[in-house]
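Asker: Encoded as structure tokens, here's the structure I'll be asking about.
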Amino acid sequence: MLLKFLGILLIAAGTTGLVMDDIPFTKTTHEADLGVIELQIDEKDNFHIPDWLGASSIGLGTLLLLIPAGNRRR
């Protein structure tokens, strides 16, 4: 059951990675507190997701979905 859930999660993450090439994020680089005045510098940056990573994530997720559950005896 856990492998099936992980497989679905990997397929979803891989598809998202292929659809969105870059993930934008903002990071704070400098802050200054001068009494009443507060200054903050935010830089916008992008994190690139390689296509091979998204495709291999989809492939691994598919393999996890194809693994049979098997018979467990207790």
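The values are calculated or read from the model by the stated rules, or taken from the named source; none is laboratory data. Remember, predicted model here, so these are calculated numbers, not experimental data. Glycine gets a Cβ as well: all are built from the backbone with ideal geometry, and neighbour counts include every protein chain shown.
Asker: List, please: which pairs have Cβ atoms under 9 Å, are six or more places apart or on different chains, and start with a residue in the range 38-61 that is without any contact (Cβ under 8 Å) to a residue 60 or more places away in the chain and end with one that is basic (K, R)?
Answerer: Between residues of the range 38-61 that are without any contact (Cβ under 8 Å) to a residue 60 or more places away in the chain and residues that are basic (K, R), the close pairs are D42/K27; E43/K27; K44/K27; D45/K27.
Per-residue answers, yes or no, for (1) outside any helix (DSSP H, G or I); (2) surrounded by fewer than 10 Cβ atoms within 10 Å (Cβ to Cβ):
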residue	(1), (2)
F5	no, no
L9	no, no
T15	no, no
T26	yes, yes
K44	yes, yes
W52	no, yes
T62	no, no
L65	no, no
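Asker: Which of the numbered conditions does N71 fail, given that it passes all the others? Conditions: (1) at pLDDT 85 or above; (2) in a loop (DSSP other than H, G, I, E, B).
Answerer: It fails just one condition, (1).
Asker: Out of all the residues in the range 1-26, which are out of contact with any strand residue (DSSP E or B) (no Cβ under 6 Å at 6 or more places or on another chain) and of a type in the set (S, T, N, Q)?
Answerer: Within the range 1-26, T15, T16 meet the criteria.
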